[in-house]
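Notes for the one structure printed next.
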Amino acid sequence: MLSPAFLPDYLSRYCQAQNDAALLNMLIAQPLDLIHFFEKACEDETWSVEHAEFMRAALVWMSDQYLEGKLSQASARRILELIQAHYQNLQEMIPLNVTVSGKNYSKGANSLLLAIESPILHELITINPEKNQLNLPEHPPDDIDLIIESVHRGVVENLWRKDRKELFRILRFATELQMSTLMKECQETLKRYIQEENVLELLFICHKERWKFLEQSCLGFLNNHITGIALSLVQEEIDWRESEKIQPLAFEFLDFNTTALNLFEEIKEIVTHLVFSGALIEETAFKQIITNAPKLISLNISYTGRFSEYLFDVPESLEELNLSQCSWLSPNHLKAFIHRFPSLKGLTLMSDTQLNYLAWGELRYLNYLKGLNLARCRQIRDEEFAVIVKACPRITHLNVEECEGLTKRAFFEMVRSWPQLISLNLSRCAVTDGLMLEIGSYCKALRSINVSRCLDITDKGLLQFAQTATRLQAIDLSGCRLSKEGVEQLRHARPNLEIKF
């Protein structure tokens, strides 16, 4: 049979099948190949219509496999994205294998789409022995239609027609059911109701309910209407944020005007991160703010011009400190900060090239340190890095981007000393195939690695690394001397891996 357009060579052999049924039987023996083939079939709408029998049967098989726990979350998520992106073409092929029942109303839906969009709906489906019923007795017909439309199409076409009260009602039940797409759509629609007189009230509600899209819109509204501030949600990769269920919010002062100070007083109960630059840390208002922020966990004073005694008024409980590009930062200053803030879990010293061996041994007093950012600290040599490695035995997140003074000897020692690494940035460093293999062999917890602009990595070394780094979720290969064929092999070997190239 003819193949879908742009089908990769490694999938072309399946087109030797005589018919749609035979094609499916060949592909289900290799489920990952089936998903890749299905993706190319979706993209070629003419082929998918001509082979509707295959498309329908493939969707039935994949839906059943997911409910039986034989299809990974990442693969099921990719199928959902394909169905929603090509809904108009696939609509009649989607198996409606679950009956969703509400108040005196029932309607057919697809099990995979429901389950992958909501862990709550997944559980409600699987508790039924036949896995073909989803009972939501409290929900009227309109809710059932919204749920099904949201998971099948990825959008709710007429949501914009709902008034504010109804949108909040829908958002609350979507939150209860953990329906991420419907939650996002409701929040996007509710943005139009943000006004000066209700923005703070809405901000507090969103922060409490973790409605981050609407919360970000509230922050954007405040940024546009109040001078001297920059508010933002903090997207952290450090995993202690999740474990402690903290909802981080950053308040950056651009100046200490009255309006900015008044706003801080009103929202200080939800501020976790404070940011200051320039000469602001030298003003008395800085001291007043840092001693009046009850949820403060992070302080960013990067790019400040001079040391300030007010820094020692910052609460000792501080967990994160960013001292990047602080030309005034001496080894003695760093030592004083380390002893002042013994609870630090994250420390950023990016581009602080003036620090020397006198500073690194003091890191041993930070018994809770997990995240260390030394990017562009080009002065660090192997011997100094060995001191850092010994002083910080608990590091899980490391950034040594463009640390040109380090050789592969330092990195081999690092890998053996820190097998617990979760995130590693080695961009523009002396990385070889041998080092990649060591990282994959020793660092079994590694989830993210950045080796962009590392020119000595080969296709072979990359594939060997991928075979050993079994928990890896993301890799940055931009600027590497790798072939497109090698990266394509990696995509095929690790289809759920996020690759930047």
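In whole angstrom, how far apart do the alpha carbon centroids of the stretch 1-38 and the stretch 476-495 sit? The distance from the Cα centre of the stretch 1-38 to that of the stretch 476-495 comes to 22 Å.
Any idea what diffusion coefficient the stretch 245-313 gets from Stokes-Einstein, in µm²/s, Kirkwood Rh on alpha carbon pairs, 25 °C, 0.890 mPa s? Roughly 201 µm²/s, to the nearest whole number. A Cβ-based charge dipole, computed about the Cα centre of the stretch 254-365 with Lys and Arg at +1 and Asp and Glu at -1, lands at about 340 debye. Taking a ≥ b ≥ c as the square roots of the eigenvalues of the Cα gyration tensor, the stretch 161-312 is prolate, since a/c reaches 1.5 or more and a/b is larger than b/c. Helices in the chain, meaning DSSP H runs of at least 4 residues, each add -39500 (n - 2.57). Divided by all residues, the mean residue ellipticity at 222 nm is -13000 deg cm²/dmol. Here Lys460 is the anchor, and the lysines within straight C-alpha reach of less than 23 Å, apart from those fewer than 8 places off in the same chain, are Lys408, Lys444, Lys484, Lys500. Taking Cα centre as origin and charging only the Cβ of basic (Lys, Arg, +1) and acidic (Asp, Glu, -1) residues, the dipole magnitude of the stretch 309-349 rounds to 180 debye.
In a reduced charge model with +1 at each Lys and Arg Cβ and -1 at each Asp and Glu Cβ, the stretch 192-341 shows a dipole moment near 200 debye about its Cα centre.
These residues, Tyr310, Tyr357, Tyr365, go from largest to smallest accessible area, 1.4 Å probe, as Tyr357, Tyr365, Tyr310. Based on Cα contacts under 8 Å between residues 6+ apart, the stretch 118-239 shows a relative contact order of 18 percent. Carbon-plus-sulfur accessible fraction, the chain (probe radius 1.4 Å, protein heavy atoms only): 48%. For a test of the definition: using alpha carbon positions, the gyration tensor, and the 1.5 limit on a/c, classify the stretch 329-377 as rounded, prolate or oblate. It is oblate, given that a/c is not under 1.5 and a/b is not larger than b/c. Among the listed pairs Lys184/Lys345; Lys165/Lys295; Lys165/Lys208; Lys107/Lys131; Lys191/Lys212, those with a Cα-Cα distance over 20 Å are Lys184/Lys345; Lys165/Lys295.
Relative contact order of the stretch 419-501, taken over Cα pairs closer than 8 Å and 6 or more residues apart, is 30 percent. Between the C-alpha center of the stretch 295-374 and that of the stretch 110-149 there is a gap of 50 Å. A dipole drawn for the chain from +1 and -1 charges on Cβ atoms has a positive end, and of Trp360, Ile226, Ser302 the residue lying farthest that way is Trp360. Expressed in units of 2.2 N^0.38 Å, where N is the residue count, the Cα radius of gyration of the chain is 1.15. Take the alpha carbon atoms of the stretch 265-285, find their center, do the same for the stretch 417-453, and report the distance between the two centers in whole angstrom. Comparing the Cα centres of the stretch 265-285 and the stretch 417-453, I get a distance of 36 Å. Shape call for the stretch 41-116 from the C-alpha gyration tensor, a ≥ b ≥ c root eigenvalues: rounded (a/c under 1.5), prolate (a/b greater than b/c) or oblate? Oblate, because a/c is 1.5 or more while a/b does not exceed b/c.
The values are calculated or read from the model by the stated rules, or taken from the named source; none is laboratory data. Keep in mind that this is a model prediction, so the values were computed, not measured. Here the Cβ is made from the backbone with ideal geometry for all residues, glycine too, and neighbour counts use every protein chain on show. Heavy atoms of the whole protein, side chains included, go into the accessibility calculation; ligands, DNA and RNA do not. Shrake-Rupley method; radii C 1.70, N 1.55, O 1.52, S 1.80 Å.
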